[in-house]
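Structure first, commentary second.
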């Protein structure tokens with residue numbers, strides 16, 4: 001009888017299903033408790049189909065990601081664990097089965113139990129809802145699709161990582177790091193660069209998070225309500241990305257087959273089993289060490305805070321070299337299974353160090369023009385100015401141009417600003433007051449192409465040059481056109497549509513008061529006082545330095561009939577209204593005299609300690 005080499009082995013397939021039943025059982029138990037058993041309580045609690053559906057979808061997105069991430073890793077580890085010892089690898093490879101057959105038998109068995117488990121949970125959930133008379137078949141089908149697509153990706157990626165490594169520890173390390181590598185690298189790079197690149201903010205959300213699937217699915221994927229049907233239907237917003245992840249998982253599985261065909265059996269127990277990739281991972285973990293350990297060492301050694309930045313890249317670079325040293329040589333030791341790696345790997349680390357110095361110093365000397373960049377006003381749709389908690393939005397090109405000019409002047413002052421910081425005498429408190437004299441200025445440009453440019457600056461009023469920059473920004477933000485721009489929502493209200501104007505303020509006795517104007521009084525107050533003072537540049541003045549002295553705010557709530565027929569309320573918070581002559585005169589005639597700071601309260605005739 002002619003012998004045949006098989007590409008699939010039924011015995012191995014069934015043996016994997018039977019042998020690893022505890023893993024499959026734990027996965028199913030967790031899901032049974034989370035969904036079919038929990039559904040009756042959720043149905044009883046909410047008594048609303050949309051709320052139950054939202055629970056089901058959120059469970060699929062969040063818990064589905066966590067369970068798929070963990071159990072797909074465990075599945076890949078157990079199914080391909082024979083590759084991690086030389087004896088078992090030799091035994092399996094001696095079987096009359098092609099490597100493609102060994103791979104497919106194990107891969108299909110793992111994927112089969114994952115998908116069948118999801119179907120099993122789906123059927124139990126349907127029965128659970130039927131028993132309580134609230135069948136959400138649409139939501140359950142979406143849940144099934146979400147968790148199944150997640151399983152395909154994570155299992156395909158886990159299998160790919162299993163082919164790269166020759167030991168369980170290596171699999172866990174590579175799988176975990178690569179799943180979050182992009183978002184970690186981007187976030188820490190932003191942080192490191194922000195320490196010596198003037199104006200670069202480290203608080204922005206990662207823009208490349210989609211390349212870190214586990215992070216994206218938990219932090220970015222959303223379950224959203226459909227407002228067209230009054231929130232009576234919820235849906236998952238990340239279908240396109242999740243489907244792409246699924247195809248990526250299949251591609252990783254195909255790549256895993258190609259690696260497996262060329263993988264040497266004697267590489268079992270190696271940290272990286274693919275010889276050609278060992279230098280790549282050595283430098284990769286060196287870079288990870290530079291970022292993670294370097295930023296950690298810097299924060300510990302230099303006691304970094306948001307107000308204690310010297311603007312120099314040298315301290316950060318020193319810590320990154322130490323972190324890179326640890327990442328490089330620890331990986332080299334794992335790859336060589338020996339501590340004696342310094343002699344033959346020193347040249348590689350020197351090359352890495354030179355490359356790291358060039359990379360960091362290119363930001364220090366702004367070779368890419370990041371610090372000096374200010375967008376063309378014509379390309380900006382709007383700009384948001386946030387200073388010490390106050391947020392103002394401008395969309396007129398003339399106002400935006402003045403803001404960009406003030407920013408350019410601030411950038412040109414970088415040398416003087418850093419020289420002031422390096423004096424080592426940061427005046428957190430002015431000599432004559434208990435309030436910090438620090439201005440935190442955040443500028444966010446929304447470009448017409450949909451992109452966002454963010455800059456964050458910390459300025460000190462004790463610095464002569466910083467004070468000039470603060471004055472330039474205040475001049476730009478307090479021009480009549482800028483005030484009208486930031487208060488455009490109030491100016492857009494038609495006086496004839498006003499129903500009421502509510503006033504919430506603190507009087508000279510220190511008591512919180514509420515007053516209300518209706519009909520003609522409210523309309524007259526809006527047209528002849530509020531809107532008139534805004535157009536004259538008297539109401540809505542921005543102060544970047546007095547924010548810490550603000551104790552009270554004068555809140556004006558305008559209720560008007562909107563064009564769509566619904567009541568529309570616009571809030572106007574007045575922190576400094578002393579210049580609003582018409583508004584204050586009108587209120588005084590009504591016996592209303594609001595105060596805006598604790599200083600005014602203490603000097604008021606009626607105030608008693």
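Computed from the coordinates by the stated procedures, all read-outs in this text should not be read as laboratory data. Predicted model, so just to flag it, every value in this text is computed and none were measured. With ideal geometry, Cβ positions are generated from the backbone for all residues, glycine too; neighbour counts draw on all protein chains shown.
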Ordering 139-150, 321-332 by per-residue average of other C-beta atoms within 10 angstrom, highest first, gives 139-150, 321-332
Each label sits 7 Å from Cα toward the beta-carbon; between residue 479 and residue 381 the label points are separated, in nm, by 2.3
Which of (1) 31.9, 113; (2) 51.7, 143; (3) 27.8, 86 is the computed Rg and Dmax of the Cα atoms in Å? It is (1)
Two pseudo-spin positions, 7 Å from Cα along C-beta at residue 169 and at residue 21, lie apart in nanometres by 3.4
Expected sort for 28-38, 116-126 on mean C-beta neighbours within 10 Å, highest first, is 116-126, 28-38
Fewest to most Cβ atoms within 10 Å: 442, 417 sort as 442, 417
Gyration tensor on Cα atoms of region 21-273, a ≥ b ≥ c root eigenvalues, a/c under 1.5 rounded, else prolate if a/b beats b/c, else oblate, says oblate
Restricting to Cα pairs under 8 Å and 6 or more apart, the percent relative contact order of region 133-290 works out to 34
Per the Kirkwood formula over distinct C-alpha pairs, the hydrodynamic radius of region 169-285 in angstrom is 17.6
If the chain between residue 239 and residue 330 were fully extended at 0.36 nm per residue, the gain over the current Cα-Cα distance would be 28.8 nm
Note: residue 220 to residue 589 extended length (0.36 nm per residue) minus current alpha-carbon separation gives 127.5 nm
Counted neighbours (other Cβ, 10 Å), sorted fewest up, put 261, 538 in the order 261, 538
Under the helix-only model (-39500 (n - 2.57) for each DSSP H run of 4 or more, divided by the residues of the chain), the mean residue ellipticity at 222 nm, to 500 deg cm²/dmol, is -18000 deg cm²/dmol
Most exposed to least, judged by fewest other Cβ atoms within 10 Å, 246, 151, 319 sort to 246, 319, 151
